[in-house]
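Okay, structure first, notes after.
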Amino acid sequence: MDTDKARLETIVGIFVLVGILCLGYLSIKLGKMELMGGDSYRVYANFDSISGLRSGASVEIAGVEVGRVERIVLDPKQGYTARVALRIDSGIQLQDDVIASVRTRGIIGDKYVQLKPGGSDVLLKDGGRIRETESAIDFEGLISKYIHGNVD
C-alpha cells in the first residue's frame with residue numbers, strides 16, 4: 001500500500017512540475033520577453049515629444065511588428081529631447097535615411113513607433129541613430145486650441 005501511495009505522489013509531483021514549466025513558457029511567449037537577448041539589434045532616435053509612448057511599445061513597418069521600444073530617457077546633449085532605444089529584429093535592415101514617427105492606434109489608442117524605410121544604400125548598424133523623426137501629435141493641445149478659438 002505504501003508503494004502505491006509513493007507512486008501516486010510521484011506522478012502528481014511530475015504533473016505539477018510539467019504544469020509549472022508550461023505556465024512559465026506561456027508567460028514568456030505571451031509577454032514577449034526575451035531570455036537571452038534575442039536575435040536583434042538596437043538603434044536610437046531622438047524626438048521632441050513622445051507623449052504617451054512607453055517602453056515595450058511596438059515598432060512597426062507597414063503595420064508589421066519588427067521590434068519593440070526598449071528604453072526612453074531624456075537626452076540633455078540633444079537639447080532635452082527624448083532619446084528612444086529601439087530593439088529591431090535582426091532580419092530587418094534599416095537604411096540610414098529611415099523615418100521614425102510616434103503614432104496612435106485610433107483616437108485614444110496605444111502609442112507605437114512607425115518606421116518608413118528610406119532609399120539609401122547605407123544601412124544602420126547596432127547602436128546607429130535614426131536622424132529623421134516625427135513627434136507625437138498633441139491631441140489635448142489641438143482640442144484646447146479649438147475649444148478656446150485659437151485655431152490657426
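Any read-out appearing in this document is the output of simple, stated calculations on the displayed coordinates, not a laboratory observation. Just so we're clear, the structure is a prediction, and the values are computed from it rather than from any experiment. Cβ placement follows ideal geometry from the backbone for every residue including glycine, while neighbour counts extend to all protein chains displayed.
Brief remarks follow.
- Selected from Ser40, Ser58, Ser27 as most flexible by GNM, with the chain as the system and alpha-carbon contacts under 10 Å: Ser27
- Computed over the chain with a Gaussian network model linking Cα atoms closer than 10 Å, the most mobile of Ile50, Ile108, Ile137 is Ile108.
- Between the amide H of Glu132 and those of Ala100, distances stay under 5 Å, these residues lying 5 or more places away or on another chain, with hydrogens modeled in the peptide plane.
- Val73 sits among other residues whose Cβ lies under 15 Å from its own Cβ, and their net charge, with Lys and Arg +1 and Asp and Glu -1, is +4.
- Residue by residue, the stretch 58-65 carries 3J(HN,Hα) couplings of 7, 10, 10, 10, 6, x, 9, 5 Hz when phi is fed to the Karplus relation 6.51 cos²θ - 1.76 cosθ + 1.60 (θ = phi - 60°); x denotes Gly or Pro.
- Pairs of Lys residues in the chain that lie 8 or more places apart, or on two chains, and have C-alpha atoms under 29 angstrom apart add up to 12.
- Neighbour net charge for Tyr112 - beta-carbon separation under 11 angstrom, K R +1, D E -1: +2
- Where labels lie 7 Å past Cα in the beta-carbon direction, separation of Leu123 and Val18 in nm: 4.3
- Evaluating 6.51 cos²θ - 1.76 cosθ + 1.60 at θ = phi - 60° for every residue in the stretch 99-116, the Karplus couplings come out as 10, 10, 10, 8, 10, 10, 7, x, 6, 10, x, 5, 8, 8, 9, 9, 10, 10 Hz, glycine and proline recorded as x.
- Extending 7 Å from the Cα toward the beta-carbon at both Ile11 and Thr104 defines two label points whose distance is 5.8 nm.
- Label-point separation in nm, Ile137 to Asp48, each point 7 Å along Cα→Cβ: 1.6
- Springs join every pair of Cα atoms under 10 Å in this Gaussian network model of the chain, and among Asp121, Asp75, Asp96 the largest mean-square fluctuation is at Asp121.
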